[in-house]
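The values are calculated or read from the model by the stated rules, or taken from the named source; none is laboratory data. For clarity, every value in this text was computed on a predicted model and none was experimentally measured. Using ideal geometry, Cβ is built from the backbone for each residue, glycine included, and neighbour counts are taken over all protein chains shown.
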Amino acid sequence: MVRHKSRYLLCEVCVTDRSSLQLLESRTLYGALKAAVIRAHGDYGAALYNIGVAVKYLNAHTGVVLIRSRKNYYRLLWSALPFITYLENRGQRVQCFFNCLHVGGTIRTCQKFLVKYNKQQLHRMLLDCRTDAEKQEIRRSILRCSLTTVREEEADEDESDDESDEDSVKESEKVVLDVCSS
Amino acid sequence: MPVFMDLNIISSNDKKRLKSIIETAAHLGYSTVAINYVVEPQQKKQEFPKPQSVSDIFDKLPVVQGKSSPIKVLNRLTIIASDASHFRPTNEYKSFDLVAVYPTTEKLFHAACMTFDVDIICIAVAEKQPFRFKRAPVNGAIDRGVFFETCYAAAIRDNTMRRYTIANAISFVEICKGKNIIVSSGAENPLELRGPYDIANLGLVFSLSDGDAKAAVSTNCRSVLLHGETRATASGVVYTTKKPITPQKQEEESPVSKKAKTELEYV
């Protein structure tokens, strides 16, 4: 009985047009999730939601969300996610759906997965590029990300790994954003 | 990474919508998708819709998330049958890769499980189950290799539909013990699709076991496709080896091998 174990659900909020994602806030998300869990599992769900669940990370540009829940009850929360059809913020309703990318035991594993996933997205975007300038930009961004991982392998222990993990997540997301906005 | 399939995307005349649905499916990780043409025969002679060829919708198929191959798009026919005469295998059925039937009465359900030449039997989702499932026809269907399908799009749209879907699904799973079930979307627009792991979790809500729930989205769907192939080859033998046939070779081989027919369908 050493510590409380949690499960972190890494989800992506998918919308039809990316600009409407900007309104996303962790408080709205928390409220929407709570409503969905209550609809699906009633009072029992509401009680479990109050003790265990928190929104740990939210990226309004790419729509990536990290939700923490207790290890025993994460399935309950996960089963309520597919039923969310819209998010409401200050009277504006955004039609969306949640796509769960990864379930991890710690934030760090989810971060590692997110870095890999963002790199994959960059590769996919390369296929969709129409102009040469966009292709060049994406190729440069992919190179930047790959160089970071090479540096990670050469670096020594935990702290430098943490920093480079965070850096690489931020970099890869920044790059994804740049390409999306262009 | 296992192969995920979504075998029910309602077809519409709006190509843009179909295109966006298939792109979303590729983004979520589905390797194969089937466009469903639903037919409700009311008169004696009914015209069947002709399946659109995939090149009409897409010039270049979107690549599946996590893999490097493009998404596969198939055609499927669903017949809503309220009378035994509605289902008559004709030549038009052959142009579809998969055939499904949606029985509305108990007699039809029994006939569909035991005798009809179908790949998929749909379970009612939008209404209270009009008849009870019995073990005998269900086991007969499982022996034959026919699969039962539940759609989840109705559950996402409406609260009361959600109750019917879950109730019907659970009562069915009790009878069939979790075998031969597939879960598919029945999506009419791209916001009604859900990722494959989310659907496997929904399977847990339907009281499927862990392995069965994942199989419902991956291996069982693949079995349905293979069953559809046996219908096409008409010999009951499933060809599992596929070698790449160059166009020259195709001209030489075409009168001889039956294999070329199924491979042409996938091109």
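Details
- Qualifying positions in region A:42-63 - within 14 Å of chain B (Cβ to nearest Cβ) and closer than 21 Å to residue A:23 by Cβ: A:62, A:63
- If the condition is being free of Cβ contacts under 8 Å to residues at least 40 places away in the same chain and either assigned to a loop (DSSP other than H, G, I, E, B) or on the phi > 0 side of the Ramachandran plot (or both), then region B:1-28 contributes B:13, B:14.
- Looking only at residues in region A:96-117 that are more than 14 Å from chain B (Cβ to nearest Cβ) and of a type in the set (A, V, I, L, M), the one that is farthest from residue B:67 (Cα to Cα) is A:107.
- All positions within region A:40-77 that are of a type in the set (A, V, I, L, M) and out of contact with any strand residue (DSSP E or B) (no Cβ under 6 Å at 6 or more places or on another chain): A:40, A:46, A:47, A:48, A:51, A:60, A:76
- Candidates A:93, A:124, A:39: the one that is among the basic types (Lys, Arg) and either in contact with a Leu (Cβ under 8 Å, 6 or more places away or on another chain) or away from chain B (no Cβ under 14 Å) (or both) is A:93.
- Residues satisfying the stated conditions in region A:33-57, i.e. surrounded by fewer than 17 Cβ atoms within 10 Å (Cβ to Cβ) and more than 16 Å from residue A:104 (Cβ to Cβ): A:34, A:35, A:38, A:39, A:42, A:43, A:44, A:46, A:47, A:50, A:51
- Residue match in region B:100-114 (condition: in contact (Cβ under 8 Å) with a residue 40 or more places away in the chain, farther than 26 Å from residue B:157 by Cβ and in contact with a helix residue (DSSP H, G or I) (Cβ under 8 Å, 6 or more places away or on another chain)): no
- Residues considered: B:68, B:85. Of these, the only one that is farther than 19 Å from residue B:51 by Cα, part of a helix (DSSP H, G or I) and not aromatic (Phe, Trp, Tyr) is B:85.
- Any hit, region B:136-150, residues being out of contact with any strand residue (DSSP E or B) (no Cβ under 9 Å at 6 or more places or on another chain) and of a type in the set (S, T, N, Q): yes
- Criterion applied to A:9, A:77, A:29 was being within 29 Å of residue B:189 (Cβ to Cβ), part of a strand (DSSP E or B) and not basic (Lys, Arg), and the one residue passing it is A:9.
- Hits in region B:143-156 - residues which are surrounded by 15 or more Cβ atoms within 10 Å (Cβ to Cβ) and either more than 14 Å from chain A (Cβ to nearest Cβ) or more than 13 Å from the chain's Cα centre (by Cα) (or both): B:144, B:146, B:147, B:148, B:149, B:152, B:153, B:154, B:155, B:156
- If you go through region B:93-126 and pick out every residue that is assigned to a strand (DSSP E or B), within 12 Å of residue B:81 (Cα to Cα) and touching a Phe, Trp or Tyr at 6+ places or on another chain (Cβ under 7 Å), you end up with 4.
- Scanning region A:60-85 for residues that are without any contact (Cβ under 8 Å) to a residue 12 or more places away in the chain and not basic (Lys, Arg) yields a single hit, A:72.
- Members of region B:89-139 that are closer than 17 Å to residue B:167 by Cβ and surrounded by fewer than 13 Cβ atoms within 10 Å (Cβ to Cβ): B:127, B:128, B:130, B:132
- Condition met for residue A:81 (under 24 Å from residue B:203 (Cα atoms), among the hydrophobic types (A, V, I, L, M, F, W, C) and buried (at least 19 other Cβ atoms within 10 Å of the Cβ)): yes
- Residue within region B:178-191 that is of a type in the set (D, E, K, R) and more than 14 Å from chain A (Cβ to nearest Cβ) present: yes
- The set of residues in region B:157-177 that are among the acidic types (Asp, Glu) and either within 11 Å of chain A (Cβ to nearest Cβ) or within 17 Å of residue A:82 (Cβ to Cβ) (or both) contains only B:158.
- Test for residue A:156: is it assigned to a helix (DSSP H, G or I), at pLDDT below 60 and not aliphatic (A, V, I, L, M): no
- Residues of region B:175-192 that are more than 24 Å from residue B:227 (Cβ to Cβ) and out of contact with any Phe, Trp or Tyr (no Cβ under 6 Å at 6 or more places or on another chain): B:188, B:189, B:190, B:192.
- If you go through region A:10-36 and keep only what is more than 19 Å from residue A:114 (Cα to Cα), more than 13 Å from every other protein chain (Cβ to nearest Cβ) and of a type in the set (Ser, Thr, Tyr), you end up with A:19, A:28, A:30.
- Single residue of region B:192-210 satisfying the filter (under 18 Å from the mean Cα position of the chain (by Cα) and farther than 12 Å from residue B:155 by Cβ) that is nearest to the other protein chains (Cβ to nearest Cβ): B:195
- Boolean, residue A:132 is acidic (Asp, Glu) and within 14 Å of chain B (Cβ to nearest Cβ): no
- Filtered residues of region A:70-84 (kept if in contact with a Lys or Arg (Cβ under 8 Å, 6 or more places away or on another chain) and within 13 Å of chain B (Cβ to nearest Cβ)): A:74, A:80, A:82, A:83
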